[in-house]
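Everything on this sheet refers to the single structure shown next.
The values are calculated or read from the model by the stated rules, or taken from the named source; none is laboratory data. Just so we're clear, the structure is a prediction, and the values are computed from it rather than from any experiment. Neighbour counts are summed over all protein chains in view; Cβ atoms, including those assigned to glycine, are modelled from backbone coordinates with ideal geometry. When the accessible area is computed, the model is the full protein with side chains, heavy atoms only, and any ligands, DNA or RNA have been set aside. Shrake-Rupley method; radii C 1.70, N 1.55, O 1.52, S 1.80 Å.
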Amino acid sequence: MGASHTVLTRRGTGIVIRSTSTLFGTTGNVGIGPRLFRPVCVMYRQYVTSRSTAGQTNGYIFRQLFDHKSYTYTYLLADSESKEAILIDPVYEMVDRDVKLIKEMDLKLQYAVNTHVHADHVSGSGELKKKLTGCKSVISKAGGAKADIQLEDGENVIFGKHKLEARRTPGHTDGCMTYVWLEQGMAFTGDALLIRGCGRTDFQQGDSGRLYDSVHQKIFSLPPETLLFPAHDYTGQTVTSVAEEKEHNPRLTKRKSDFIKIMENLNLPYPKQIDRAVPANLLCGAFETAT
């Protein structure tokens, strides 16, 4: 039999339960709040859709979706009242799944947002624009990729009454952005910070020292209870926190000089999809790609 553990994190009037099972190799989450108890699975989970305080509803929709081929997490966020939505790090091959979900939930996708120019999968931004009228692509201006909207550090992505603050976190690539949802205590870190790890720095303008500074200055400076959602995970985990990573991240808890040495000696293989993915993603995936 496999072991399991459960972590409870109190967030306002709600609680997020993270349960990891080594028997099944998956992590599940259950949101518990006023009149809310919904078990969910690794492929399709809802953390908290709404929380009530003093009779007022702070309504939002949150889905974490997964691509098994590239181990990529895609995040669907929406205002539950206006139905305006954004999708973070969509994957080309999973666009039909995303469009189906968006239509089922009667959402209006405003933006397909990328955390950076990915090297391990082609962005779904271009296909989403074809299939959903009014959707615009978004990426960091510093990354050199084409998009409808090129963000600068500190600018906001707005959907309904909610907004994400774009924080530049270069080091994995020049154009890495972390999107911070201050009101909900969440941040979407892309490849800059992974669960007990970080993005590699040996290609695409990678710079280990710069990545170290980015994480410590722009992510670890957030409140310790802030939940962190990465672009990828390879071990079955789904979410971490600032406090956890500041204590347990085996690379980023080290001194900067030691971190740089660790990154220099990873000896990672050449990414399988990089020659296909990077040219497409410099256009936000906005052209027909070979299968």
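3J(HN,Hα) couplings calculated from phi for region 152-163 with the Karplus curve 6.51 cos²θ - 1.76 cosθ + 1.60 (θ = phi - 60°) are, in sequence order, 9, 4, x, 6, 10, 9, 10, 9, x, 8, 9, 8 Hz; Gly and Pro show x. Need one word for region 79-126: rounded, prolate or oblate. Basis is the Cα gyration tensor (sqrt eigenvalues a ≥ b ≥ c); a/c below 1.5 gives rounded, then a/b vs b/c decides. Because a/c hits 1.5 or more and a/b fails to exceed b/c, region 79-126 counts as oblate.
Oblate is the label for region 65-153, because a/c, from the alpha-carbon gyration tensor with a ≥ b ≥ c as root eigenvalues, is 1.5 or above and a/b does not exceed b/c.
Stretching Glu183 away from Ser257 to a fully extended chain increases their span by 23.2 nm, per 0.36 nm per residue minus the current alpha-carbon distance. With a Förster radius of 45 Å applied to the beta-carbon distance between Lys103 and Ser221, the computed FRET efficiency rounds to 0.70. Exposure check, 1.4 Å probe, all protein chains in place: Phe203 carries approximately 40 Å² of accessible surface. Proximity of backbone amide H atoms, modeled 1.01 Å from N, is registered between Val91 and Gly124 at under 5 Å, excluding neighbours fewer than 5 places apart on the same chain. Need one word for region 148-291: rounded, prolate or oblate. Basis is the Cα gyration tensor (sqrt eigenvalues a ≥ b ≥ c); a/c below 1.5 gives rounded, then a/b vs b/c decides. Note, shape of region 148-291 comes out oblate.
For the residue pairs Lys100/Lys136; Lys129/Lys272; Lys163/Lys254; Lys103/Lys130; Lys218/Lys256, the C-alpha atoms sit more than 21 angstrom apart in Lys129/Lys272; Lys163/Lys254.
Phi angles across region 268-277 convert, under the Karplus curve 6.51 cos²θ - 1.76 cosθ + 1.60 with θ = phi - 60°, into 3J(HN,Hα) values of 7, x, 5, x, 5, 9, 4, 5, 8, 6 Hz, Gly and Pro given as x. Ignoring ligands, DNA and RNA, what percent of the 1.4 Å accessible area of region 162-245 is carbon and sulfur? The nonpolar share, carbon plus sulfur, comes to 50 percent.
Converting phi to 3J(HN,Hα) with the Karplus coefficients 6.51, -1.76 and 1.60 and the offset θ = phi - 60°, region 103-115 yields 6, 4, 8, 6, 9, 10, 6, 8, 9, 9, 9, 10, 6 Hz in sequence order, with x at every glycine or proline.
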